Amino acid sequence: MRITLLTDFGTADGYVAAMKGMARAIAPAVIIDDASHDIPPGDVRAAAWALAAYWNRYPAATVHVVVVDPGVGGPRRPLALACADRLLVGPDNGVFTGVLTGGQEWRAVAIENADVMGDAISSTFHGRDIFMPAAAHLAAGSPLASLGPAVTDPVLLDMTAPVQSAGVITGAVVHVDHFGNLVTNVPAETVASGGVVVQIRGRRLPLSRTYSDVDRGQLLALIGSHGCVELAVRDGSAAGMLQAGRGDPVRLVPGAARST
Amino acid sequence: MRITLLTDFGTADGYVAAMKGMARAIAPAVIIDDASHDIPPGDVRAAAWALAAYWNRYPAATVHVVVVDPGVGGPRRPLALACADRLLVGPDNGVFTGVLTGGQEWRAVAIENADVMGDAISSTFHGRDIFMPAAAHLAAGSPLASLGPAVTDPVLLDMTAPVQSAGVITGAVVHVDHFGNLVTNVPAETVASGGVVVQIRGRRLPLSRTYSDVDRGQLLALIGSHGCVELAVRDGSAAGMLQAGRGDPVRLVPGAARST
Amino acid sequence: MRITLLTDFGTADGYVAAMKGMARAIAPAVIIDDASHDIPPGDVRAAAWALAAYWNRYPAATVHVVVVDPGVGGPRRPLALACADRLLVGPDNGVFTGVLTGGQEWRAVAIENADVMGDAISSTFHGRDIFMPAAAHLAAGSPLASLGPAVTDPVLLDMTAPVQSAGVITGAVVHVDHFGNLVTNVPAETVASGGVVVQIRGRRLPLSRTYSDVDRGQLLALIGSHGCVELAVRDGSAAGMLQAGRGDPVRLVPGAARST
């Protein structure tokens, strides 16, 4: 019986603690793991990215709550879903894209049953009034179907895949992490088994194995912990050095490169 | 058996972890929920605000610890109190104002019993040496009265209420939240059932229902999750747009407004 | 059965949540206390400092995980150690210096047993793939020796001690905390029982007892919660006022000072 919690609320206003309190009022001893409260405000794509890093590392029956919800109070549906024996709760705004498109079966419902919500529903804070109470009910054993009617068309973010043409793979930076690493959407499997040159912002780099393969302050390309090509600077920030960010193109061409 | 923890310590110095360790040395399996460690340093008013958002969302018997304590080591009393079946522990500097003035009965004591403190008491870190050990003893079942003598005059912050005159309500911004929302002290109940115009910094706004009632980047007034009038910018910061903050006046006048 | 977790990851990328998920896959109900995820990136010295504040405040059998690991994937060993009935897990880069040099017996091993690791080992994220799984196995009762071969020469940071000459103690600032307090390496015990003058950046200060001994905005010297001499500004930042930081010298000379 455990819940994880991901928001863009920060913690200083007591909003996150209010959510935890609502869960404990329903399931006093439930384990609540903070995932993060530092998602950039309203950045659904960043939340989807973070969720992908951990949701299926947790054991079965975990309930993952995600409240990055700029459309709160509007027409977007409150969603609960089951996939690969984990449960997920949050707004229907694309934040579950990675879960829904990972190739595993899922079931989803719109949370409409007032019995699994708080007593009063504000129009600005469904994390407290709907999502966390519903998650606590799920954690306590309520079946998914008891929360509301089935949803078969949850919102999906547009996730561009890398394209391959004449041996050249063209992808993009999809995330900049806390260390300034530039994570791309090019999976390790698509990298040619022979040599490959990674091109970004006019730089040409071989594929290294880990940070310490280069000197401090040097740029490198490597396969990151998500299994995708990543640009990094040893003991530094690739985002800062290259002035690059989400959406910037990256190209992989066959051949042997010298670091430039 | 659960404790929540609110501080202005940040986490990077290990001070918060030291507090948690002290609690676990007394009550190893106690649930400890982080409320926040990001209260602005020494900002007792911000801590009181955050606490008000969650203290009574938690179930009975929860122990809420608040350590925003610029007067540590000086004459201010270490306090423990009971209200509405919850327990609270922290410095007697006004941080519990919302709890004490909410209209519910309370009992308070000064923590003086050395048996519920750490072995050595520093003059700079009572969170570790007094508050968290005392909270763990409360969580483990020690009665409030065992901590020390009764206190009947805890410190209260000066909380200005909105004033109503000739149909006009004049209140103030009392908190700026993580999203730049400007929360006022004007409760929803005082808003006339007919139309109302919210005036702040020369802007005149109708009362909207939720963020998506206006276009992205537009300012709106609405009833926030605390049940008070709030100024917000959809997908933006009202504090930034209006260059407004705590203490700025807000006026509500009867009538129908056009958003300006 | 409890784990604490200290990293320099921030939380927004989901890396910390991935670590927690790995622990729960092995030990679903283990207590996980966040120590901090805000250590400055790669700052092993800051991590060692924070750890010293809490590791032995926790009760016996706690497993402290520290992942500040700029050398991940390189030759540095993954370490597990036992000291004073607590267990510690992290990279062999000096982060455990305070534990290893505190005068208590310790045993250490290199984590090499694949049975206590994740299924796949990346070259960039041993927190998820090695350290947290190993910690969960320790928390669940696996003996230290089962993790790998003994290590007798763990890496130690160079920790300069204050020097005493002709009654004058010369030390240094070793940490700047969240409040801008300048913590030195001069322990309270070495301070002469008579009067002492603390000299830093041309300022001469007596030893005060606590912050409220001086007026708001005034600089003072006192014995901090670590038991060492500390410079602070009441309701302000000593680091900001003195433009001082880690490594800056501090001198203690006998005599009575007037605050200047």
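The values are calculated or read from the model by the stated rules, or taken from the named source; none is laboratory data. Keep in mind the model is a prediction, meaning the values are calculated, not measured. Note: ideal-geometry Cβ built from the backbone for every residue, glycine included; neighbour counts use all protein chains shown. Areas reflect the complete protein model, heavy atoms only, side chains present, ligands, DNA and RNA absent. Shrake-Rupley method; radii C 1.70, N 1.55, O 1.52, S 1.80 Å.
Which number in (1) modelled with pLDDT under 95; (2) open to solvent by 40 Å² or more (accessible area, probe 1.4 Å); (3) over 21 Å from A:Ala50 (Cβ atoms) marks the one condition that A:Arg234 misses?
The single condition A:Arg234 does not satisfy is (1).
Which residues, taken from the range B:209-231, are within 11 Å of another protein chain (Cβ to nearest Cβ) and open to solvent by 30 Å² or more (accessible area, probe 1.4 Å)?
The answer is B:Arg209, B:Tyr211, B:Ser212, B:Asp213, B:Arg216, B:Ile223, B:His226.
What is the residue count in the range C:149-200 for residues that are on the phi > 0 side of the Ramachandran plot and over 22 Å from the mean Cα position of the chain (by Cα)?
Of the residues in the range C:149-200, the ones on the phi > 0 side of the Ramachandran plot are C:166-167, C:180.
From what is left, the residues that are over 22 Å from the mean Cα position of the chain (by Cα) are C:166-167.
Matching residues across the range C:149-200 total 2.
Where residues in the range B:88-105 are at negative phi and open to solvent by 30 Å² or more (accessible area, probe 1.4 Å), which of them is farthest from the chain's Cα centre (by Cα)?
Among them, the one singled out is B:Glu105.
Report, by residue number, each residue of the range B:11-21 that is at the interface with chain C (Cβ under 7 Å from one of its Cβ atoms) and open to solvent by less than 10 Å² (accessible area, probe 1.4 Å). Walk me through how you get there before you give the answer.
First, pick out the residues of the range B:11-21 that are at the interface with chain C (Cβ under 7 Å from one of its Cβ atoms): B:11-15, B:17-18, B:20-21.
Within the range B:11-21, B:Asp13, B:Gly14, B:Ala17, B:Ala18, B:Lys20, B:Gly21 meet the criteria.
Do any residues in the range A:197-215 that are touching a residue at least 60 places away in the same chain (Cβ under 8 Å) have Cβ atoms under 9 Å from those of residues that are assigned to a strand (DSSP E or B), where the two are at least six apart or on different chains, and which pairs are they?
So the pair list comes out as A:Val197/A:Arg204; A:Val197/A:Leu205; A:Val197/A:Leu207; A:Val197/A:Ala221; A:Val197/A:Arg251; A:Val197/A:Leu252; A:Val197/A:Val253; A:Val197/A:Pro254.
Output the number of the condition that C:Val183 fails; it satisfies all remaining conditions of (1) open to solvent by 40 Å² or more (accessible area, probe 1.4 Å); (2) within 30 Å of C:Val67 (Cα to Cα).
(1)
For the range B:104-116, check the following and say yes or no: at least one residue is within 9 Å of another protein chain (Cβ to nearest Cβ) and hydrophobic (A, V, I, L, M, F, W, C). Step through it out loud before you land on a result.
Going through the range B:104-116, the residues within 9 Å of another protein chain (Cβ to nearest Cβ) turn out to be none.
No, because not a single residue in the range B:104-116 is within 9 Å of another protein chain (Cβ to nearest Cβ) and hydrophobic (A, V, I, L, M, F, W, C).
So, of the residues in the range C:153-177 that are farther than 17 Å from C:Val250 by Cα and loosely packed, with under 13 Cβ neighbours inside 10 Å, which turns out to be nearest to the other protein chains (Cβ to nearest Cβ)? Let's see the steps before the verdict.
Narrowing the range C:153-177 to residues farther than 17 Å from C:Val250 by Cα: C:153-158.
Now restrict to residues that are loosely packed, with under 13 Cβ neighbours inside 10 Å: C:153, C:158.
Working: C:Asp153: 20, C:Asp158: 18 Å.
Of everything passing the filter in the range C:153-177, C:Asp158 is nearest to the other protein chains (Cβ to nearest Cβ).
A:Ala80 - would you say it is open to solvent by less than 40 Å² (accessible area, probe 1.4 Å) and under 20 Å from the mean Cα position of the chain (by Cα)?
Numbers: open to solvent by less than 40 Å² (accessible area, probe 1.4 Å): yes; under 20 Å from the mean Cα position of the chain (by Cα): yes.
So A:Ala80 fits the description; yes.
Mind checking which pairs have a first residue in the range B:244-260 that is over 30 Å from B:Asp158 (Cα atoms) and open to solvent by less than 80 Å² (accessible area, probe 1.4 Å) and a second that is at pLDDT below 95 and small (Gly, Ala, Ser), Cβ under 6 Å, 6 or more apart or different chains?
B:Gly255/B:Gly195
Residue-wise test of (1) open to solvent by 10 Å² or more (accessible area, probe 1.4 Å); (2) touching a strand residue (DSSP E or B) at 6+ places or on another chain (Cβ under 8 Å); (3) facing chain B (nearest Cβ under 9 Å); (4) in contact (Cβ under 8 Å) with a residue 40 or more places away in the chain.
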| position | (1), (2), (3), (4) |
| --- | --- |
| A:Thr7 | no, yes, no, yes |
| A:Ala29 | yes, yes, yes, no |
| A:Pro41 | yes, no, yes, no |
| A:Trp49 | yes, yes, no, yes |
| A:Trp55 | yes, yes, no, yes |
| A:Pro59 | yes, no, no, no |
| A:Val66 | no, yes, no, yes |
| A:Arg76 | yes, yes, yes, yes |
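Can you spot a residue in the range B:192-200 that is more than 28 Å from B:Phe96 (Cα to Cα) and within 12 Å of chain A (Cβ to nearest Cβ)? Before the answer, list the steps.
So in the range B:192-200, the residues more than 28 Å from B:Phe96 (Cα to Cα) come out as B:192-200.
Filter once more, so that each one left must be within 12 Å of chain A (Cβ to nearest Cβ): none.
Scanning the range B:192-200, I find no residue that is more than 28 Å from B:Phe96 (Cα to Cα) and within 12 Å of chain A (Cβ to nearest Cβ), so the answer is no.
Scan the range A:106-114 and tell me whether some residue there is farther than 29 Å from A:Gly10 by Cβ, open to solvent by 20 Å² or more (accessible area, probe 1.4 Å) and either touching an Asp or Glu at 6+ places or on another chain (Cβ under 6 Å) or among the basic types (Lys, Arg) (or both).
Checked against the condition, which is being farther than 29 Å from A:Gly10 by Cβ, open to solvent by 20 Å² or more (accessible area, probe 1.4 Å) and either touching an Asp or Glu at 6+ places or on another chain (Cβ under 6 Å) or among the basic types (Lys, Arg) (or both), the range A:106-114 yields at least one hit.
How about the range A:201-250: which of its residues are touching a Gly at 6+ places or on another chain (Cβ under 6 Å) and within 27 Å of C:Asp119 (Cα to Cα)?
Passing the criteria: A:Thr210, A:Ser212, A:Glu230.
Select the strands (runs of 3 or more DSSP E) contained entirely in the range B:159-240, then report the ones holding at least 1 residues which are closer than 23 Å to A:Met19 by Cβ. Lay out the reasoning, then the answer.
Numbers: elements: B:163-165, B:168-176, B:182-187, B:196-200, B:203-205, B:219-223, B:228-233.
Of the strands (runs of 3 or more DSSP E) lying wholly inside the range B:159-240, those with at least 1 residues that are closer than 23 Å to A:Met19 by Cβ span B:168-176, B:182-187, B:219-223, B:228-233.
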